[in-house]
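A quick write-up on the structure given underneath.
The values are calculated or read from the model by the stated rules, or taken from the named source; none is laboratory data. As the structure is a prediction and not an experimental result, all values here were calculated from the model. Neighbour counts run over all protein chains shown; Cβ positions are idealised from the backbone, glycine included.
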Amino acid sequence: MNVSDVVRALESLAPPELAAEWDNTGLLVGDRTAAVKRLMLCIDLTQEVLGEALAARAQMAMAYHPPIFKPISSVTASAQPVVFAAARRGVAVYSVHTVLDAAPGGTNDVLADAMGMVQRRPLEPVVRETRCKVVVFVKPEDLARVSHAAFAAGAGLIGEYENCAFFGYGVGSFCGGPGTHPAVGQAGRQEVTEELRLEVVAPNDKVPAVVQAVRAAHSYEEPAIDVYPLRDHPAGSGLGRIGRLARPMTVRGLIARVKKAAGLRNVLVAGRPSRKGGPRKPALVSRVACCAGSCGDLFRKAAAEGATFYLTGEMRHHDALAAEAAGMTVVCLGHSNSERLALAGLAKRLKLLLPRLDVRTSALDRDPFEIA
């Protein structure tokens, strides 16, 4: 198999269109046609992790955090040592970052699993504006010709279905000005005729071609064509998760469960129920929320929806104080610790898609902070 095969598998698990606008995901280093037998998964592609990948003879690395994040003007051994070394040694590098965060079964669902969260949904759902609806009014006898032209130009695709459209009956009226040649009736006279409303969806980049094709196939001199931007809400996709525990439990018990799932001896906790002088908190936790990485500010949405326990990677000092004042308990695992949990599951899912691919998880990848 080659790099493009691995890229397709990763994109099927974490669709690129879910990425945040500010993020830099996808294939960052490498040749799509290069052969791949072994893939190394990590959160941060450091010099140590790249050395581990080279020692394992991995031809590709999936680095959750993009090693190229902001625009760079040069790739040199001094300015971009890891990127330079990966390119020089022929190691392709792919990044998933916010794509895996937002995808169902990705980073945030794994974090929710660590808490035992059920009946979950995204805290901040993804909203995509990648498609438009094209509407045109046609004579009944023109319907087949116009719709087929729209389909041929790229319209009518919904998931695995093609040639999708909606037809509605109605009556249209018009009056052609001087010099017009209406397909129905005469110029200068108010006309009323039976028409069909044809609706199709099309990707944004296909809309100009679809409109042009519809206009060319239409029998009217001036066909009425409307284009409406669509907002899609992919099911289960978005930042963070909020839900409830299958059974209410104490804060202490929930913290212990999270630590065990993350393999951590210590975590940062704000707003313990037993803290003297703090606000009174319920004895048991039922409504919970989480968001991996630097999502401390999302606690406000979680609190507004009734969550009393919030799990994340890191949180700013004043946000922690505000969360505590709001009656919440906040647990911070460490930025990359909250994300690393997802690698094992991602490895299993990739192996199912690509059985011949040797997928390994880095043993040297770790959070830069530790409690001494």
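Some points to look at:
- Test: residue in the stretch 128-137 that is at pLDDT 95 or above and among the polar types (S, T, N, Q): no
- Which listed residue, of THR25, THR33, is at pLDDT 95 or above, hydroxyl-bearing (Ser, Thr, Tyr) and within 24 Å of ALA235 (Cβ to Cβ): THR25
Here's the yes/no breakdown for (1) farther than 30 Å from GLY313 by Cα; (2) in contact with a strand residue (DSSP E or B) (Cβ under 9 Å, 6 or more places away or on another chain); (3) touching a residue at least 24 places away in the same chain (Cβ under 8 Å); (4) not β-branched (Val, Ile, Thr):
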residue	(1), (2), (3), (4)
ALA187	yes, yes, no, yes
VAL192	yes, yes, no, no
TYR220	yes, yes, yes, yes
PRO223	yes, yes, yes, yes
GLY243	no, yes, yes, yes
ALA246	no, yes, yes, yes
LEU268	no, yes, yes, yes
VAL285	no, yes, yes, no
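- Sole residue being touching a His at 6+ places or on another chain (Cβ under 7 Å) and outside any strand (DSSP E or B), chosen from ASP142, ASP109, ASP101, ASP113: ASP142
- Restricting attention to the stretch 112-163, the residues being of a type in the set (Phe, Trp, Tyr) and out of contact with any strand residue (DSSP E or B) (no Cβ under 9 Å at 6 or more places or on another chain) number 1.
- Candidates are the residues of the stretch 73-91 that are outside any helix (DSSP H, G or I) and not hydrophobic (A, V, I, L, M, F, W, C); the one that is surrounded by the most Cβ atoms within 10 Å (Cβ to Cβ) is GLN80.
- Where strands (runs of 3 or more DSSP E) fall entirely within the stretch 263-372, those with at least 3 residues that are among the hydrophobic types (A, V, I, L, M, F, W, C) are at 268-270, 285-291, 329-332.
- Checking VAL91, VAL136, VAL96, VAL118 one by one, the residue that is farther than 29 Å from GLY345 by Cβ and either among the aliphatic types (A, V, I, L, M) or not assigned by TED's automatic domain parsing to the domain that holds ASP23 (or both) is VAL136 and no other.
- Listed by first and then second residue, the pairs linking a residue in the stretch 77-106 that is of a type in the set (Phe, Trp, Tyr) to a residue that is surrounded by fewer than 16 Cβ atoms within 10 Å (Cβ to Cβ), with Cβ atoms under 9 Å apart and 6 or more places separating them unless they lie on different chains, are PHE84/VAL75; PHE84/THR76; PHE84/ALA77; PHE84/SER78.
- Test: residue in the stretch 73-81 that is aliphatic (A, V, I, L, M) and within 26 Å of the chain's Cα centre (by Cα): no
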